[in-house]
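Report on the following structure.
The values are calculated or read from the model by the stated rules, or taken from the named source; none is laboratory data. Please read all numbers here as calculations on a predicted model, not as lab measurements. We place every Cβ from the backbone using ideal geometry, glycine too, and count neighbours over all the protein chains shown.
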Amino acid sequence: MRTSRTRNRLLVPSVLVVSAALSLTACGPGDSAGSGGGRARAARSTGIPTTDVVSDIRPDAAAAKLLPPGVHHLTVGVAVSGQLPGTSYLDDGTTLVGQDIDFSNAVAKALGITLKVEPASFEAILPALGSGKYDVGASNFGVTDERRKTLDFVTYINDGQGFAAREDSKLTKITDLRQLCGLNIATGAGTTFQATLEKNKHICADAGEQAYEVQTYGESGALWSSLQQGRSDVVMSTINGLRYAVAQQPGLKFLNEYHRLDVGFAFEKGTKLAPAFQAAVNHLIADGTYEKILRKWGTKDSAIPTSRISPPELRS
């Protein structure tokens with residue numbers, strides 16, 4: 001973990017103005033599938049919740065005592081997808097906002113520490129935890145048994161996998177991945193969605209049908225453009241992200257929840273930070289801040305009763 005002095009422009013402020021809506025035209029046809037290194041465009045701020053849910057949080061002495069000695073500053077890696085309620089930029093192109101930013105800020109306030117936020121592509125964050133580049137990752141990381149082999153997690157919400165399509169799609173609900181056979185499926189690079197699709201791709205051939213094609217994107221504007229322009233037939237992404245997108249964009253429909261997952265802050269295996277983060281999340285649940293964050297982003301159905309450290313993957 002890092003205790004070095006942070007650069008002012010990357011310090012997470014205690015009061016955040018909240019982000020902007022998704023932009024279908026943020027990336028045009030020239031963006032290639034799988035690109036993840038570029039910075040997501042700043043999103044439009046019209047009609048986005050602006051409630052400050054962080055600045056009034058008081059430090060929790062009991063949680064702070066669980067921090068390893070000498071820890072006052074931490075570096076957090078966040079994926080700037082542009083897909084709310086995940087992380088996006090404000091119109092200024094520098095201020096990061098979203099549900100994961102609110103949770104990160106809230107935990108930092110409860111622990112009395114400073115965060116240095118480093119934007120990164122989603123697929124780059126988890127491998128970098130072991131190298132020490134980041135102390136923690138906060139980007140809607142689903143807790144899976146495969147990930148638990150090499151990482152630790154502290155849960156703060158329940159989200160998971162779902163599907164969306166254009167309104168003119170004949171699909172109404174996807175309960176079996178064989179329903180995707182012969183279709184083009186857009187999803188985020190390095191995500192559990194990509195892993196699920198790739199792992200089960202054989203089911204179409206096993207059934208004597210044409211395999212579905214997995215199209216990966218590192219930026220949500222390109223993903224949604226692919227769907228709207230007909231290059232993709234279905235999007236697989238977070239349940240909360242899909243619901244938010246459908247509510248904000250015309251011409252889309254949410255198909256269904258496919259698989260629920262606990263979501264947590266990610267750490268290198270064996271981290272000593274986990275007990276403090278768990279205590280901080282439970283403090284936020286107890287003092288009402290947790291509910292305020294969920295209400296702000298319209299994700300109250302994803303509440304968890306208590307934070308856990310690296311729980312087994314949910315089975316549904």
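Identify, please: which residue in segment 24-80 is of a type in the set (Asp, Glu) and at pLDDT 90 or above and is, among those, farthest from Val235 (Cα to Cα)?
We begin by selecting, within segment 24-80, every residue of a type in the set (Asp, Glu); these are 31, 52, 56, 60.
Now restrict to residues that are at pLDDT 90 or above: 52, 56, 60.
Numbers: Asp52: 31, Asp56: 38, Asp60: 40 Å.
Among residues in segment 24-80 that are of a type in the set (Asp, Glu) and at pLDDT 90 or above, the one farthest from Val235 (Cα to Cα) is Asp60.
Could you say whether any residue in segment 132-154 is buried (at least 18 other Cβ atoms within 10 Å of the Cβ), touching a helix residue (DSSP H, G or I) at 6+ places or on another chain (Cβ under 6 Å), part of a helix (DSSP H, G or I) and modelled with pLDDT of 95 or more? No, because not a single residue in segment 132-154 is buried (at least 18 other Cβ atoms within 10 Å of the Cβ), touching a helix residue (DSSP H, G or I) at 6+ places or on another chain (Cβ under 6 Å), part of a helix (DSSP H, G or I) and modelled with pLDDT of 95 or more. For segment 102-131, what are the residues that are touching a residue at least 60 places away in the same chain (Cβ under 8 Å), among the hydrophobic types (A, V, I, L, M, F, W, C), in a strand (DSSP E or B) and closer than 26 Å to Gln194 by Cα? Once the filter is applied, which keeps residues that are touching a residue at least 60 places away in the same chain (Cβ under 8 Å), among the hydrophobic types (A, V, I, L, M, F, W, C), in a strand (DSSP E or B) and closer than 26 Å to Gln194 by Cα, segment 102-131 yields only Val117. Has segment 217-226 got at least one residue that is modelled with pLDDT of 95 or more and in a loop (DSSP other than H, G, I, E, B)? Within segment 217-226 (the criterion being modelled with pLDDT of 95 or more and in a loop (DSSP other than H, G, I, E, B)), the answer is no, since none of the residues qualifies.
When segment 82-101 is examined, which residues are found to be part of a helix (DSSP H, G or I) and surrounded by fewer than 24 Cβ atoms within 10 Å (Cβ to Cβ)? Write out each step before concluding.
In the first step, residues of segment 82-101 are kept if they are part of a helix (DSSP H, G or I); the result is 99-101.
Listed by number, the list is empty, since nothing qualifies.
Yes/no matrix, rows are residues, columns are (1) surrounded by 16 or more Cβ atoms within 10 Å (Cβ to Cβ); (2) hydrophobic (A, V, I, L, M, F, W, C):
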| position | (1), (2) |
| --- | --- |
| Ala247 | no, yes |
| Leu252 | yes, yes |
| Leu255 | yes, yes |
| His259 | yes, no |
| Phe265 | yes, yes |
| Lys292 | yes, no |
| Ser302 | yes, no |
| Arg308 | yes, no |
| Leu314 | no, yes |
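For segment 188-198, the criterion of a residue being under 11 Å from Asp233 (Cβ atoms) and either buried (at least 16 other Cβ atoms within 10 Å of the Cβ) or free of Cβ contacts under 8 Å to residues at least 40 places away in the same chain (or both) is satisfied by no position. Among residues of segment 266-313 being without any contact (Cβ under 8 Å) to a residue 60 or more places away in the chain and in a loop (DSSP other than H, G, I, E, B), the one that is farthest from Glu123 (Cα to Cα) is Gly288.
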